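One structure is given below, encoded as structure tokens.
The values are calculated or read from the model by the stated rules, or taken from the named source; none is laboratory data. This structure is a prediction, so every number in the text was calculated from the model and none was measured. Here the Cβ positions follow ideal geometry from the backbone for every residue, glycine too, while neighbour counts run over all protein chains shown. Areas reflect the complete protein model, heavy atoms only, side chains present, ligands, DNA and RNA absent. Shrake-Rupley method; radii C 1.70, N 1.55, O 1.52, S 1.80 Å.
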Amino acid sequence: MSLEDLYREVILDHYRNPRNRTPLDHPDSSAEGVNPLCGDEVTVELSFDDGTVRAVSVRGQGCSISQSSASMMGHAIKGKTTAEIEELVERFKTMMLSENGVVLDPDHPGATIGELEALAGVRKYPVRIKCANLPWTTLEEALANRPKPEIAR
Ligand code: ZN
């Protein structure tokens with residue numbers, strides 16, 4: 001199986017069996033994103049516990065790229081701190097902008113972005129980059145909406 005076929009399998013698996021779709025009862029923050037070019041919609045809900053995402057709901061409708069990207073994202077951010085998630089968002093965006101493939105950090109050999117690399121092939125189709133990025137820009141909005149720690153008096 002070629003790498004391209006493998007990536008296609010990963011994308012289709014997340015599209016057909018999206019993870020973390022159950023709405024949260026009391027999310028700490030949420031955001032909704034729309035990509036009018038393609039008709040994609042994504043809702044992101046987050047629950048925090050001491051700066052860590054304890055529960056996530058990502059759901060929506062639209063093309064396979066937007067919805068599989070949403071499913072992979074929810075899977076990837078669960079249990080991570082907001083700082084780790086912000087770094088992951090940067091890595092994902094860098095990957096989608098880069099000319100030749102995934103940017104791996106030689107100083108951190110384990111620091112790949114895992115199955116999210118499957119979406120790198122989308123860069124060949126500039127219209128679809130917006131689809132792949134939609135859940136991530138929505139996530140950034142949800143992060144910006146999160147309750148800030150109370151300032152000690
Ligand atoms: Zn789309």
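For a quick check of your reading of the model, give me the residue pairs whose first member lies in the stretch 57-80 and is touching a residue at least 24 places away in the same chain (Cβ under 8 Å), whose second is among the basic types (K, R) and near the ligand (Cβ under 10 Å from one of its atoms), with beta-carbon atoms closer than 9 Å and at least 6 apart or on different chains.
Pairs that qualify, where the first residue is touching a residue at least 24 places away in the same chain (Cβ under 8 Å) and the partner is among the basic types (K, R) and near the ligand (Cβ under 10 Å from one of its atoms), are C63/R128; I65/R128; S66/R128; S66/K130.
Could you say which residue among G74, G62 is open to solvent by 10 Å² or more (accessible area, probe 1.4 Å), under 22 Å from E115 (Cα atoms) and modelled with pLDDT of 95 or more?
Among G74, G62, only G62 is open to solvent by 10 Å² or more (accessible area, probe 1.4 Å), under 22 Å from E115 (Cα atoms) and modelled with pLDDT of 95 or more.
When you check V42 against the structure, is it within 15 Å of the ligand (Cβ to nearest atom), of a type in the set (A, V, I, L, M), out of contact with any His (no Cβ under 7 Å at 6 or more places or on another chain) and open to solvent by 50 Å² or more (accessible area, probe 1.4 Å), yes or no? Outline the logic, then answer.
Details: within 15 Å of the ligand (Cβ to nearest atom): yes; of a type in the set (A, V, I, L, M): yes; out of contact with any His (no Cβ under 7 Å at 6 or more places or on another chain): yes; open to solvent by 50 Å² or more (accessible area, probe 1.4 Å): no.
The answer is no for V42.
Before we move on, is E86 within 16 Å of T137 (Cα to Cα), exposed (fewer than 15 other Cβ atoms within 10 Å of the Cβ) and more than 15 Å from the ligand (Cβ to nearest atom)?
Details: within 16 Å of T137 (Cα to Cα): yes; exposed (fewer than 15 other Cβ atoms within 10 Å of the Cβ): yes; more than 15 Å from the ligand (Cβ to nearest atom): yes.
Yes: the conditions hold for E86.
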